[in-house]
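The values are calculated or read from the model by the stated rules, or taken from the named source; none is laboratory data. Everything quoted here is computed from the prediction, not taken from an experiment. Note that each Cβ is placed from the backbone with ideal geometry, even for glycine, and that neighbours are counted across all protein chains shown.
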């Protein structure tokens, strides 16, 4: 048992030592961004842009083209968020809403269709070694982001599911630091769900 534990930690240390500087940059800025966002600091936006750009290049290097494309989408939303906070614009408070049955059907169908389309495209036209897994994770994240912008409570459940799926994918691609980051994101997303659910119940009482 001791030998097995030692072997595991030796393997883990080896993986960390051989982690690329690009992944270190993406993960460290990702952690910092999450911390700043929880503190509602405007600096979370420029830091998030660094993380997104780093992950974009990292995913391109690892032939994870679906997730690379997703980073482009996050890049635009990051610039918008930074601009919105800087300009101190205000908008009417929008209450949290629930996803109804037709909404669930549309979301699931969209994820399935987009997953197959992205998977087929990457399998046929790219050198991706995980075309359908990449396409599936990208599709779930994309739909979750749409629900988040519309303040739909269940967006957090989709983020939990997406992060769970990303962990083994990153381990398979030897992106171990990213796997740890997304493991942490599972807890953060679930906490987000609990907080939003509490707010939803309060606004309806």
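Regarding segment 32-52, can at least one residue be identified that is surrounded by fewer than 13 Cβ atoms within 10 Å (Cβ to Cβ), out of contact with any strand residue (DSSP E or B) (no Cβ under 9 Å at 6 or more places or on another chain), at pLDDT 90 or above and not in a helix (DSSP H, G or I)? There is no residue in segment 32-52 that is surrounded by fewer than 13 Cβ atoms within 10 Å (Cβ to Cβ), out of contact with any strand residue (DSSP E or B) (no Cβ under 9 Å at 6 or more places or on another chain), at pLDDT 90 or above and not in a helix (DSSP H, G or I). Close contacts from segment 188-205, counting a first residue that is more than 20 Å from residue 37 (Cα to Cα) and a second that is surrounded by fewer than 16 Cβ atoms within 10 Å (Cβ to Cβ) and modelled with pLDDT under 85, with Cβ to Cβ under 9 Å and a gap of 6+ residues or different chains, come to 200/95; 203/95; 204/95. Scanning segment 4-21 for residues that are at pLDDT below 85, more than 16 Å from residue 179 (Cβ to Cβ) and touching a helix residue (DSSP H, G or I) at 6+ places or on another chain (Cβ under 8 Å) turns up nothing. Of everything listed in (1) in a helix (DSSP H, G or I); (2) more than 30 Å from residue 171 (Cα to Cα); (3) modelled with pLDDT of 85 or more, the single unmet condition for residue 82 is (3). Tallying residues that are over 24 Å from residue 109 (Cα atoms), within 11 Å of the chain's Cα centre (by Cα) and in contact (Cβ under 8 Å) with a residue 40 or more places away in the chain within segment 126-183 yields 2.
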